[in-house]
Every structure is written in C-alpha cells, then in structure tokens.
C-alpha cells in the first residue's frame with residue numbers, strides 16, 4: 001500500500017466514520033474573517049495543510065493568500081468542534097479570534113508569490129477538539145503524475161465565494177471547473193496555471209484539486225477505473241474586463257464591493273501551483289517558526 005493510499009485509509013479510520021475523499025474536503029477549509037486598518041471587513045478562504053517528514057507530521061498550518069490577511073488588525077477563523085452528532089449544529093461551531101492577525105503569518109519567501117502560512121495545531125478529532133481535515137503534502141502530485149495530466153482536467157475548488165457558506169454546519173461550497181491552461185506547463189513562465197471556473201470575492205486561498213474516485217481518464221489509454229486525489233494549487237487572482245474594455249489581472253477580492261457593471265470577472269482563475277508550498281520547508285526547518293497556536 002502506497003503512502004498516499006495509507007494516509008487516505010488512515011484518515012477515514014481516524015474519523016471513526018465512512019467519509020469519501022470528497023466529503024473530507026468539506027473539513028479541509030476554514031473561513032477567514034478580517035477587520036482591516038480602515039475599519040472595513042473582508043472574507044477569504046484558508047485550508048489546513050500538513051508537512052510530513054517520513055511518517056511523522058513536521059508541521060500543521062493554515063494556508064491562504066498574502067492579500068487575504070494584508071492590512072488586517074484582527075482575524076477570526078470559524079472552526080467546528082468534534083462533538084457527538086446529537087449535539088445541535090449551532091453548538092458545534094466556534095470562532096477563534098486573533099489580534100495582530102497579519103503578524104501571525106509566515107509570508108512566502110518570494111514577494112511575488114501570493115502565499116502565506118500560519119502554524120496551527122487543531123487537535124483534530126480528539127473529543128472536544130476541532131473537527132478538521134488536513135491536506136497532506138503527500139497529495140501534491142509527483143513529477144511523474146504531473147506528466148500524465150492532460151491539457152483538460154476536471155477540477156474542484158473549495159471555499160467561500162462571495163462569503164457564502166453553510167453557516168449551520170460550517171461547511172464551504174464546492175465548485176467545479178476545468179483547467180484552462182495545461183497544468184503541466186508554467187503559464188507565462190510562472191509556477192501557475194489557469195482554470196475555467198467562476199471565481200468570486202471570498203474565493204481567495206481556495207484549494208484547487210483533482211478528485212477522481214471511480215473513473216480516471218488516462219490521456220493515452222482513455223477511461224479506466226482508479227483514484228486520483230491531487231492538490232494542484234491555490235487560487236489567488238483572475239482577469240477582468242475594465243470599463244475601457246481592457247483586460248487586467250487582479251487579486252480575487254476579499255471584500256464585497258459595488259463594481260461598475262462593465263467591470264466583469266471572466267470566470268477564469270489564476271492558480272499558484274501547489275509545489276510552491278514546499279518553498280516554506282527551509283523556513284520551517286530553520287527553527288525560526290513561531291510555536292503552535
């Protein structure tokens with residue numbers, strides 16, 4: 001049994017219930033609410049991610065975009081408690097607030113890469129702990145797996161578009177799309193690719209995944225049975241048409257604002273390749289990472 005498959009089975013057992021991988025994705029994201037220096041509020045998406053060393057977790061973090069937490073004074077993340085199913089839904093949800101929120105995050109070492117992480121120990125699945133699911137770095141596709149990807153792949157994106165969510169159950173919304181540029185290649189020379197999916201304010205920081213459980217399309221052999229679970233990347237920006245009819249690339253907004261009718265999103269999203277998450281490893285192993293929350 002490969003390590004990826006082992007992690008998948010182990011996590012299902014750890015949950016003490018039968019959950020598909022897709023259902024586990026409902027537990028991997030976290031709603032991020034910020035109060036900014038100008039007094040306005042914003043909403044974005046983060047997701048739980050774990051770095052492994054051998055069979056041991058090296059560090060558990062929340063991943064999001066730099067622009068989600070930029071200029072924030074306070075931040076709040078919404079977590080679900082691991083309580084019996086008979087517990088009323090509104091008692092399973094708890095907000096955890098942070099002062100000096102922006103300072104809690106470790107920024108990607110390249111200032112041009114819109115990623116940041118915050119060390120966060122959830123105590124996942126312990127009675128009374130937080131009910132969360134971490135995406136493991138083992139779900140990053142290998143070079144061999146990336147080489148097998150086709151130019152058109154079905155993807156899903158998990159998050160809080162326009163701040164919408166299942167507030168009672170504390171679940172995100174899952175959206176479907178396809179790759180608009182070949183995920184094997186670096187779009188315009190950057191470690192990025194493009195997706196064809198509706199991207200709205202609040203979607204910043206959403207994980208973009210391939211989730212195939214049953215039928216898998218091989219680009220050479222065609223359809224077959226199997227499983228593919230990959231974290232392909234993190235949404236951060238998208239093009240829009242301006243009032244002058246020009247195209248601009250903008251960060252996916254975190255604030256809901258009135259936008260002139262001709263400033264329309266193009267239903268395309270720019271995604272940072274998941275491999276950029278490994279760029280944090282030298283910082284993590286340097287011993288300079290703040291302690292767990």
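The values are calculated or read from the model by the stated rules, or taken from the named source; none is laboratory data. Note that the coordinates shown come from a computational prediction; the quantities given were computed from them, not determined experimentally. No Cβ is skipped: glycine too gets one built from the backbone with ideal geometry, and neighbour counts run over all protein chains shown.
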- Query: Does residue 158 satisfy the criteria of being within 30 Å of residue 88 (Cα to Cα), within 15 Å of the chain's Cα centre (by Cα), at pLDDT 95 or above and in a strand (DSSP E or B)?
  - Reply: yes
- Item | Of all residues in region 67-85 being touching a helix residue (DSSP H, G or I) at 6+ places or on another chain (Cβ under 9 Å) and more than 15 Å from residue 132 (Cβ to Cβ), the one that is surrounded by the most Cβ atoms within 10 Å (Cβ to Cβ) | 69
- Pull up region 107-142, narrow it to residues that are outside any loop (DSSP other than H, G, I, E, B) and either modelled with pLDDT of 95 or more or touching a helix residue (DSSP H, G or I) at 6+ places or on another chain (Cβ under 6 Å) (or both), then point me to the one that is nearest to residue 58 (Cα to Cα). 136
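Give 229, 225 a once-over and let me know the one that is at pLDDT below 65 and closer than 25 Å to residue 149 by Cα.
Working: 229 fails: at pLDDT below 65.
The unique qualifying residue is 225.
May I ask you to list the residues in region 2-56 that are modelled with pLDDT under 80 and closer than 17 Å to residue 141 by Cα?
Within region 2-56, the subset modelled with pLDDT under 80 is 2-22.
If the condition is that a residue be modelled with pLDDT under 80 and closer than 17 Å to residue 141 by Cα, then 2, 3, 4, 5, 6, 7, 8, 21 are the ones that fit.
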- Please tell me if residue 92 is surrounded by 15 or more Cβ atoms within 10 Å (Cβ to Cβ) and modelled with pLDDT under 95. yes
- Query: Based on what the data block shows, is residue 176 assigned to a strand (DSSP E or B) and either at pLDDT below 95 or out of contact with any helix residue (DSSP H, G or I) (no Cβ under 8 Å at 6 or more places or on another chain) (or both)?
  - Reply: yes
- Task: Test residue 210 against the criterion of being in a strand (DSSP E or B) and buried (at least 20 other Cβ atoms within 10 Å of the Cβ), and give yes or no.
- Result: yes
